[in-house]
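The values are calculated or read from the model by the stated rules, or taken from the named source; none is laboratory data. What you are looking at is a predicted structure, and each value in this text was computed from that prediction instead of being measured. When we count neighbours, we look across all protein chains shown, and the Cβ atoms used for this are built from the backbone with ideal geometry, even at glycine. The protein model used for the area step is the full one, side chains on, heavy atoms only, and it has no ligands, DNA or RNA in it. Shrake-Rupley method; radii C 1.70, N 1.55, O 1.52, S 1.80 Å.
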Amino acid sequence: MDNVPVAPTSRRRRRLRLLIASVSALALAATGTVLATNAYADADRTITANETGYHNGYFFSYWKDSGNVTMNLGAGGNYSYQWSNINNHVGGKGWKPGSSNRVVNYSGNFNVNGNGYLALYGWMTNPLVEYYVVDNFGSYNPSTGAQRFGSVTTDGSTYDLYRTQRVNQPSIQGTATFYQYWSIRQNKRTGGTITVANHFNAWRAAGLTLGQHDYQIMATEGYQSSGSSNITVSDGGSSGGGTTPTTGSTGGGSSSGCSVSVTRAEDWSDRFNVSLAVTGSSAWTVGISLGSGQSLQSSWNANVTGTSGTLTATPNGSGNTFGITIYKNGNNNTPTATCNGSGGGGTTPTTAAPTTGSGGGGSTTCNGYVGLTWDDGPNTGTTNTLVNTLRQYNATGTVFPTGSNASNNPSLMQAYKNAGLQIGNHSWDHPHLINMSQSDIQSQLSRTQQAIQQTAGVTPTLFRPPYGETNQTLKNVEASLGLREIIWDIDSNDWNNASADAIRQAASRLTNGQIILMHDWPAATQQALPGILQDLRNRGLCTGHISASTGRAVAPSNGSTGGGGTTPTTGSGGGGSSCSVSVTRGQEWSDRFNVTFAVSGTSSWTVRIALGSGQSLQSSWNASVSGSSGTLTATPNGAGNNFGITVYKNGNNNTPTASC
């Protein structure tokens, strides 16, 4: 352990499996019924061997190297641990991917005889980082011997910040050298709220580089100790507007019928975010007083008028929490706000469809793409409503029909295609594939491929396993058919009779690249869709398709903007003797833009990227990139042949070129 917990490879590399209760599988087998993706009706489970997967809607991880360790997976976000005579173990429930913007609520008990931690725990990549937000620990303080980086006060206590380095140690990317980031609570506790953004912002402010999230769990860890825990974790939502608030709030006010709190959030050299939360009314008007010289860049989750001086915000149907981005223009003061409201109940404003061409995801620029997905279609009662709504908002998404439904509804499959929807494979009749032989799985997927080709004239490259269940046998069949397995980041719970408001609220948590699970058949989903598309538009997000290379939401490849964006320009940067690289302009902001690269012809490549005069590199992903200006050099880091960079314009808006 070397004074900090080692993260052995074996617990990181196991495949993800969402295990459904055997009684459910037997019931399905007996009745032949095809259900919605009721992925969260799992029976309690006891685990004693290393495993990762999903249970009742939460990602879980269990790992030990030796000793007696029992993990019980309970209802919702509940789990319990008992351990004795162990060397090292860690596990818990949470989410994959993690988030810098999540509010984590948890409760329970934690008892350790010796060394152990109760912590929000996870991994980031690009760069590779293992992190802990430690709320409780046993006899050993993990800060011992670590490099201190200050402190942050949040959620009722001061947390001390530290960094340690692991050299040639196991990680989620195999044996590697990486940093561990620590935020350790001075006043220990077991239960409460963790405002994740405050810790990540503090690490960033201390000069620690953050990466892209892998998994994130509320973990119990033990090292050469014995003990027990019983923890229930839940997602309290985002901490405001898809941004990352920092500690403290200021400038809140109240007037007639309501009050508003003002929280300073993410901060850059030229601008900062502010999150505002209204209480006391759902029919409110908030006046926001900007400082001298300050101006509005953007807003989300409210209708905001004005650009300087006093702004006026009113509800847009996204609830009582909204946010703004402010250009400093030499003034770093946080704005103040006052609230006027009437009535505690209020009504949800009617959502009006944008005019044709204005887009469902934004106005003229996309600040990111999200994947709206619908399973189990097509259906005679709902598919046309879905298609018509998407057309009305100039939006798109991805459908995963079953082969049997596709075969029985060829005209609706054509409607999917004609609306520009991406079409994936969802098996023939929605069975529990992990309980089937390889030949039966092959039949399920192959027949569906054929049915979709015959009815829609396309061959799917994406596959969503029923119930989210997967194993290696299934993955082998997928690979043989050229299919990329797609799960989801957010579950709308529409399969579980969620209301239209609840479905819309779930979609409001989407961030760039993420995917939400919905279904074709629930009426509530159709009712929620106009509001979802309007919310995305207000947040500057566009609807996209899912990349078969990365499994993430990207700009549609068929020329559609997905609502409000412009089709990325694509150009070849030239080819070398053994490979070629394509260059695609991606997301764009006032000061920077994204570029993605796809290499073909080899898996052992070197790509040279020529930035324009004045341009500089902000960040990169899915490749090892050296250099910061002029010519950058990119080489594989094990993440495949598709990678990307973010480039600061610095007055030069030209797209870089590349050679391979």
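Brief remarks on what is shown
- Counted residues, the stretch 623-655 - those being closer than 16 Å to Trp589 by Cα and of a type outside the set (Val, Ile, Thr): 8
- Test for Leu517: is it in a strand (DSSP E or B) and surrounded by 23 or more Cβ atoms within 10 Å (Cβ to Cβ): yes
- Test: residue in the stretch 612-619 that is small (Gly, Ala, Ser) and either open to solvent by less than 40 Å² (accessible area, probe 1.4 Å) or under 19 Å from Gln173 (Cα atoms) (or both): yes
- Candidates are the residues of the stretch 409-423 that are of a type outside the set (A, V, I, L, M) and out of contact with any Ser or Thr (no Cβ under 6 Å at 6 or more places or on another chain); the one that is least open to solvent (accessible area, probe 1.4 Å) is Tyr416.
- If the condition is being assigned to a loop (DSSP other than H, G, I, E, B) and surrounded by fewer than 15 Cβ atoms within 10 Å (Cβ to Cβ), then the stretch 477-489 contributes only Gly482.
- Ile194 being in contact with a strand residue (DSSP E or B) (Cβ under 9 Å, 6 or more places away or on another chain), of a type in the set (Val, Ile, Thr), over 28 Å from Ser298 (Cα atoms) and open to solvent by less than 30 Å² (accessible area, probe 1.4 Å): no
- Matching residues in the stretch 307-323 - criterion: being within 32 Å of the chain's Cα centre (by Cα) and modelled with pLDDT of 85 or more: Leu311, Thr312, Ala313, Thr314, Pro315
- Of the listed requirements (1) assigned to a loop (DSSP other than H, G, I, E, B); (2) open to solvent by less than 60 Å² (accessible area, probe 1.4 Å); (3) at pLDDT 80 or above, Ser582 misses just one: (1).
- Residues in the stretch 205-227 that are in a strand (DSSP E or B), more than 17 Å from Tyr121 (Cβ to Cβ) and open to solvent by 40 Å² or more (accessible area, probe 1.4 Å): Gln224 alone.
- Residue list for the stretch 616-646, filter: over 29 Å from Arg484 (Cα atoms) and under 29 Å from the mean Cα position of the chain (by Cα): Ser616, Leu617, Gln618, Ser626, Gly627, Ser628, Leu632
- Taken together, the residues in the stretch 285-300 that are of a type in the set (S, T, N, Q), open to solvent by 20 Å² or more (accessible area, probe 1.4 Å) and under 32 Å from the mean Cα position of the chain (by Cα) amount to 5.
- Within the stretch 152-172, considering residues that are touching a Phe, Trp or Tyr at 6+ places or on another chain (Cβ under 6 Å) and surrounded by fewer than 19 Cβ atoms within 10 Å (Cβ to Cβ), the one modelled with the highest pLDDT: Arg163
- Qualifying positions in the stretch 57-69 - open to solvent by less than 30 Å² (accessible area, probe 1.4 Å), at pLDDT 85 or above and farther than 20 Å from Gln224 by Cβ: Phe59, Phe60, Ser61
- Restricting the stretch 586-611 to residues that are among the hydrophobic types (A, V, I, L, M, F, W, C) and within 21 Å of Asn653 (Cβ to Cβ), the residue that is surrounded by the fewest Cβ atoms within 10 Å (Cβ to Cβ): Ala610
- Residues of the stretch 424-437 that are more than 30 Å from Asn394 (Cβ to Cβ) and either surrounded by fewer than 16 Cβ atoms within 10 Å (Cβ to Cβ) or not β-branched (Val, Ile, Thr) (or both): Ser427, Trp428, Asp429, His430, Pro431, His432, Leu433, Asn435, Met436, Ser437.
- Within the stretch 633-651, being out of contact with any Lys or Arg (no Cβ under 7 Å at 6 or more places or on another chain), open to solvent by less than 40 Å² (accessible area, probe 1.4 Å) and at pLDDT 85 or above holds for Ala634, Ile645.
- Hey, Asp440 open to solvent by 20 Å² or more (accessible area, probe 1.4 Å), out of contact with any Gly (no Cβ under 7 Å at 6 or more places or on another chain) and closer than 22 Å to Ile487 by Cβ or not: yes
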